[in-house]
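Data block below; observations after.
The values are calculated or read from the model by the stated rules, or taken from the named source; none is laboratory data. Everything numeric in this text was worked out from a predicted model, so none of it was measured. Cβ: placed from backbone, ideal geometry, glycine included. Neighbour counts: every protein chain shown.
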6 protein chains.
Amino acid sequence: MNILSVAAHPDDTEILCAGTLIRYAREGHRVTIAAFTNGSMGDLVIKPEEMGAIRKKEAQAAADLIGAKLIWPAVADEQVFPDQQHRAIMVDILREADPDIIFTHSPNDYHPDHRYVSQLVFDAYSQKGLPFIPHQSLPPCRLDNAQIYYMDNVCGIRFMPSEYVDISDTFELKKQMLCCHKSQLKDMKDEANTDVLELIETQARFRGLAAGCKYAEGFNRLEAYQRGLTKRVLP
Amino acid sequence: MNILSVAAHPDDTEILCAGTLIRYAREGHRVTIAAFTNGSMGDLVIKPEEMGAIRKKEAQAAADLIGAKLIWPAVADEQVFPDQQHRAIMVDILREADPDIIFTHSPNDYHPDHRYVSQLVFDAYSQKGLPFIPHQSLPPCRLDNAQIYYMDNVCGIRFMPSEYVDISDTFELKKQMLCCHKSQLKDMKDEANTDVLELIETQARFRGLAAGCKYAEGFNRLEAYQRGLTKRVLP
Amino acid sequence: MNILSVAAHPDDTEILCAGTLIRYAREGHRVTIAAFTNGSMGDLVIKPEEMGAIRKKEAQAAADLIGAKLIWPAVADEQVFPDQQHRAIMVDILREADPDIIFTHSPNDYHPDHRYVSQLVFDAYSQKGLPFIPHQSLPPCRLDNAQIYYMDNVCGIRFMPSEYVDISDTFELKKQMLCCHKSQLKDMKDEANTDVLELIETQARFRGLAAGCKYAEGFNRLEAYQRGLTKRVLP
Amino acid sequence: MNILSVAAHPDDTEILCAGTLIRYAREGHRVTIAAFTNGSMGDLVIKPEEMGAIRKKEAQAAADLIGAKLIWPAVADEQVFPDQQHRAIMVDILREADPDIIFTHSPNDYHPDHRYVSQLVFDAYSQKGLPFIPHQSLPPCRLDNAQIYYMDNVCGIRFMPSEYVDISDTFELKKQMLCCHKSQLKDMKDEANTDVLELIETQARFRGLAAGCKYAEGFNRLEAYQRGLTKRVLP
Amino acid sequence: MNILSVAAHPDDTEILCAGTLIRYAREGHRVTIAAFTNGSMGDLVIKPEEMGAIRKKEAQAAADLIGAKLIWPAVADEQVFPDQQHRAIMVDILREADPDIIFTHSPNDYHPDHRYVSQLVFDAYSQKGLPFIPHQSLPPCRLDNAQIYYMDNVCGIRFMPSEYVDISDTFELKKQMLCCHKSQLKDMKDEANTDVLELIETQARFRGLAAGCKYAEGFNRLEAYQRGLTKRVLP
Amino acid sequence: MNILSVAAHPDDTEILCAGTLIRYAREGHRVTIAAFTNGSMGDLVIKPEEMGAIRKKEAQAAADLIGAKLIWPAVADEQVFPDQQHRAIMVDILREADPDIIFTHSPNDYHPDHRYVSQLVFDAYSQKGLPFIPHQSLPPCRLDNAQIYYMDNVCGIRFMPSEYVDISDTFELKKQMLCCHKSQLKDMKDEANTDVLELIETQARFRGLAAGCKYAEGFNRLEAYQRGLTKRVLP
């Protein structure tokens, strides 16, 4: 299967669903990680342009750890809007990945970029397989129905998972993927007093307690017309 | 009364509330059907321009069956956004129909055009009766409070009706209205393996079982300031 | 139609739906008011037995104002349980009233007697029309489907009405009905520092603002199998 | 695996989850059907005792069609309460079946027996594996965590499935199982004007449309401590 | 603390949270009132430009009554959109006020301007403290976490407060603040048949009954990452 | 203030709200811990009578650590029902503690005893201050309104806190309190493969991340008539 994760910032995928992506990768599925924005606002001192370049390298390094393809449209960080321009970018992302399964942010997460990326995924879904959509760079991909899974919110606020993936065996590599985002680990500690590694360990352990395993990631599936699920597609 | 249905695509009204519109028409009310987009993406081979022309004819034929007026702003299919340009179009639709009752999509239906049309109806409502709104082609209509009813979602996913209309006597004509959209019946079968006529029969029968009649359409009303309902306005 | 209100305490019907009952009575429908408990705990000094007698007189006086029949099973106040004994009493109440419409408390109101009366109405509903239910004093009434309406919660807490009844013309008589419950008006003021007349005026006015009239009562209907509503049965 | 369906009345399992049970049976799992009550009130003329005997034969015939074991505690129909006596019966049912997966009614279905059976399953779950529970006839079964799945509500009212089972290949046998309940097919037609066979076909087709297959049954899983699901246990 | 109220129209703050702002002001906190639009559509006869000027004077007079600072970006009334242009304005408002607590509309209130202002506050929040956000006139304010409180909906429709502020002692001044908006009191009476002073008295009294005091305003807090509340910040 | 925690089993209070109780105790408030059942089923080998005795000692030791009073009605474990007998016990508990604040289980936690204890607290609340309630051993306590707070669910499943208490300074003592329940720490490890100490650390840390502190406990308040909160009563 083709697996796509579309998150707002370069480290969101690592924080919220890397453990699951690793399982897919190990099972031989084709994994694509799209960082919708370039994360250029992720530092209070380093200028956006330089920051964007740093974060692209970090994201590429993380993707390389599991042999995933990185899509990097370089949208300006903190400037995501549900308009025509951003939707066209999202449609091209979906067409490039041609996914069977899409992971993205929950529509009610705490950051506007998270919410709008989630909305854009929903909006672009209907257009990925249509031939005459204007403003697109790429030809349509399959019209087939993919499943959209919403990732857990950061710290689980206002999110109650309905499905879990056991990531006990992939958690260490998930941490290594996150460690590629060196600039953010440092910034989050300095500016937001947050140890992101400890955060993901606590969240994975908390979800694991619910799921009856060591570490887990939690998800909710978008229920939509003709996409009711009669089998499990999560690993 | 003036009855307005505003749906995203030329066949949505037929699928989701035609049985109710027929009842209004038979009772002598003035019915207007607005197809917000031209449905030009509704085929994988026929070009949008040609498709738009075909669908306008089909929509007109369906409206003619019940003597309804058709509003056709010819917005590009799959390109609805909640911006100034689209809102101005929606305000003009409301002004032209001057409705007592408005039917539109539920805000959580499965297609982005459905959701944004619903949002635009909500947004335009406050402006239909105001005299100084810029960018409008038509003069304001009544400031009076109309009721907004959300139509069932396709296949009822994430929708639980609170009010029902018995369409046992109008279901045959509803089917004939839908049959006017020949291009879609064929396309849905070829491309999405969906028999739309069977779909609406199943949905109408399912809602009828809930409502204790043969066939029914289900709705939810928007509860809003000074629009609490002290009488039934559905047929 | 036969209209039945079943509330937990002798003044609850007056507080929560009397304005609507008056409208039914004026339209010629047969109204029954059942006070499930005798309200015998409604005073901190007067003994339960005496209090129960006082409250029965008060309830009868209120019912007489609109020509309603009073059902008074004299269940002990503050001692309602969802068990066999109380259900049998509730089944007999429904059989005696043979209702087309039933008003009762919302399942999430603030008092346990309110909640359990609501639950008992739900539970007894399926048995009112069956011939072989044991422990019953009365023969079955119609098997036909009645509609269950949940009354507003006191002060509207955790209750959002979906339907309203305009009680502008009946509010004065509703107040008079409530005034029959002299013991409670005094007790609520002395012990709970509550002016119940002012409370119902505020609540009726608040719901009226929502509904676009002077005074209103708000309700939610129980949606259940074959009881979807295709017409309005509220006045 | 051991599969258990516990429903309130002898035909509820057939209506709401037989298609899924057949799939389990065909895959070689051990299926048990528990009819919590004897359905003795299922006729307006035939006396309860005789009716109970008729319905036991019907239920046995249906179970035999798929080689399922029938548990028949003969609780009086329309007399289910969440008390000690009924809980002890439910604990013994769970102990006898020793289930890996339990199907039961949704807590908000339309009939009190349905709701209380659902509540009793929830309540009995914690006690099935404990050694010192008083009043039990059977020794404890496994303490291991089973999954509880709530079946669809009749006509889907107030129920939105999160998981589906494709029953296209088992629907015919599901109908045959339901046809074993001859007394009910006739009674529902005579007294409630309901063709139950048509009802289950409509509901299975409606859920199938949502799930993208011909016929489906829909379910919701109880999310509980250490029972988060990291794999699919539905067929 | 710095307290900021951002509402869509010049009188919304007075209607929905002035009683609380007065308490903050009296306790010595710095209060800022931002009227996001100029309210220029608030009359059916007076032209927008003139109306905007009138309303600015009225808003200033109300703010002066409690020594609050008024922010007046003069956005066109009924023309709020969640786009880049409006977000930049909102970010500047937050930067100017540098708030510890923000009051804004609930995301589900009845007017599109209310909803989009609420959405813009949510969206701008993440950017108020970042140094490189483009299109901004003002330098970043503190990155520290402020609390966002959603104000009650008008007439409480679809709003259930979780926290209350006792405004018994400030209600008279709240009314005086509202009375500064003379143009609206008259317009609402003439055009919408609404006595706004009576409306706020009813709503404050209704919330007061729930809260056990004479008058109250009700709020809901946005629960978000690292903004869980371990102390009360409301007065 | 008088603080009361009523939980189903002897260690539930320690797991779910001890950190908060310690803060109250340190501030000089009077703390009472009621263990509704004797926890006699908490072992698969030790007989209930002996187990009950062990658990009483453990509970007493834990309470002693913070100078709390222990109420021990010795209700049989796994045998809680919402009937008259159990309600009378709960009313006496409330009367003995005469609480200003009550902590109990959330109504939707995973264990039936948890749910029924929560329901009994709700039910008994209205009767604690009334003079003529039958079957009570203790005289009524204050009629004044206490606040009911629902504790977090175990592992947070289906629970989203609205208020938090910072327990960073009390977490060590909370662990010591839990360690008094030696029999359970061992049993949970042996039989349910659960390290309860690790569980509470993960849950407290997860809630702390949400609340912006090291460790936190999360709660939801019961919103009820005249109990809207205009001040914070949590520590």
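Scanning the stretch D:118-129 for any residue that is out of contact with any Cys (no Cβ under 6 Å at 6 or more places or on another chain) and surrounded by fewer than 18 Cβ atoms within 10 Å (Cβ to Cβ) turns up nothing. Close contacts from the stretch C:31-44, counting a first residue that is over 17 Å from C:Met90 (Cβ atoms) and a second that is polar (S, T, N, Q), with Cβ to Cβ under 6 Å and a gap of 6+ residues or different chains, come to C:Gly42/C:Gln184.
None of B:Met1, B:Met90 is closer than 24 Å to B:Lys174 by Cβ and either touching a residue at least 40 places away in the same chain (Cβ under 8 Å) or within 14 Å of chain A (Cβ to nearest Cβ) (or both) except B:Met1. For the stretch E:118-129, the set of residues classified as part of a loop (DSSP other than H, G, I, E, B) and either among the hydroxyl-bearing types (Ser, Thr, Tyr) or facing chain A (nearest Cβ under 7 Å) (or both) consists of E:Ser126, E:Gln127, listed by residue number. Of the residues screened, D:Leu209 is one that is of a type in the set (A, V, I, L, M, F, W, C), without any contact (Cβ under 8 Å) to a residue 24 or more places away in the chain and either within 14 Å of chain A (Cβ to nearest Cβ) or outside any helix (DSSP H, G or I) (or both).
Contact annotation: residue pairs with Cβ atoms under 9 Å, 6 or more positions apart or on different chains, pairing a residue in the stretch D:69-85 that is in contact (Cβ under 8 Å) with a residue 60 or more places away in the chain and within 12 Å of another protein chain (Cβ to nearest Cβ) with a partner that is surrounded by 15 or more Cβ atoms within 10 Å (Cβ to Cβ) and charged (D, E, K, R), are D:Asp77/D:Arg55; D:Asp77/D:Asp113; D:Val80/D:Asp113; D:Val80/D:Arg115. Do we find a residue being acidic (Asp, Glu) and modelled with pLDDT of 95 or more anywhere in the stretch B:129-148? No - not one qualifying residue is present in the stretch B:129-148.
Go through the residues of the stretch E:167-175 one by one and say whether even a single one is within 12 Å of another protein chain (Cβ to nearest Cβ), crowded, with 23+ Cβ neighbours inside 10 Å and over 20 Å from E:Asp77 (Cα atoms). The answer is yes; a qualifying residue exists. Consider A:Val196 carefully, then state whether it is more than 7 Å from every other protein chain (Cβ to nearest Cβ) and surrounded by fewer than 21 Cβ atoms within 10 Å (Cβ to Cβ). The answer is no for A:Val196.
Okay, residues lined up against (1) part of a helix (DSSP H, G or I); (2) over 30 Å from C:Met41 (Cα atoms); (3) over 18 Å from the mean Cα position of the chain (by Cα); (4) more than 13 Å from chain B (Cβ to nearest Cβ):
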position	(1), (2), (3), (4)
C:Pro131	no, yes, yes, yes
C:Arg142	no, yes, yes, yes
C:Val165	no, yes, no, no
C:Leu185	yes, no, no, yes
C:Gln203	yes, no, no, yes
C:Lys214	no, yes, yes, no
C:Gly218	no, no, no, no
C:Gln226	no, yes, yes, no
C:Thr230	no, yes, yes, no
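If you go through the stretch D:111-125 one residue at a time, do you hit one that is farther than 29 Å from D:Leu143 by Cα and charged (D, E, K, R)? There is no residue in the stretch D:111-125 that is farther than 29 Å from D:Leu143 by Cα and charged (D, E, K, R).
Selection over the stretch F:204-235 of residues that are charged (D, E, K, R) and within 30 Å of C:Pro112 (Cα to Cα) gives a count of 6. If the condition is being of a type outside the set (Ser, Thr, Tyr), part of a helix (DSSP H, G or I) and touching a residue at least 12 places away in the same chain (Cβ under 8 Å), then the stretch A:99-117 contributes A:Pro112, A:Asp113, A:His114, A:Val117. Note on the stretch F:144-163: residues that are touching a Pro at 6+ places or on another chain (Cβ under 8 Å) and in a loop (DSSP other than H, G, I, E, B) total 2.
Report, by residue number, each residue of the stretch D:206-235 that is surrounded by fewer than 22 Cβ atoms within 10 Å (Cβ to Cβ) and either within 18 Å of D:Cys179 (Cβ to Cβ) or small (Gly, Ala, Ser) (or both). Result: D:Gly212, single match. For the stretch A:129-163, a residue qualifies if it is under 17 Å from A:Val6 (Cβ atoms) and in contact with a strand residue (DSSP E or B) (Cβ under 8 Å, 6 or more places away or on another chain), and the qualifying residues are A:Ala146, A:Gln147, A:Ile148, A:Tyr149, A:Tyr150, A:Met151, A:Asp152. Just one of the listed residues (D:Glu58, D:Glu49, D:Glu96, D:Glu14) is in a helix (DSSP H, G or I), crowded, with 21+ Cβ neighbours inside 10 Å and touching a Ser or Thr at 6+ places or on another chain (Cβ under 8 Å), namely D:Glu58.
For the stretch C:61-87, a residue qualifies if it is among the acidic types (Asp, Glu) and assigned to a helix (DSSP H, G or I), and exactly one does: C:Asp64. Scanning the stretch B:131-152 for any residue that is surrounded by fewer than 18 Cβ atoms within 10 Å (Cβ to Cβ), within 25 Å of B:Leu65 (Cβ to Cβ) and in contact with a Phe, Trp or Tyr (Cβ under 9 Å, 6 or more places away or on another chain) turns up nothing.
Among the residues of the stretch E:34-46, those identified as aliphatic (A, V, I, L, M), in contact with a helix residue (DSSP H, G or I) (Cβ under 8 Å, 6 or more places away or on another chain) and in a loop (DSSP other than H, G, I, E, B) are E:Met41, E:Leu44, E:Ile46.
Considering only residues of the stretch B:69-91 that are of a type in the set (D, E, K, R) and surrounded by fewer than 18 Cβ atoms within 10 Å (Cβ to Cβ), which is nearest to B:Lys128 (Cα to Cα)? Only one residue tops the list, namely B:Asp83.
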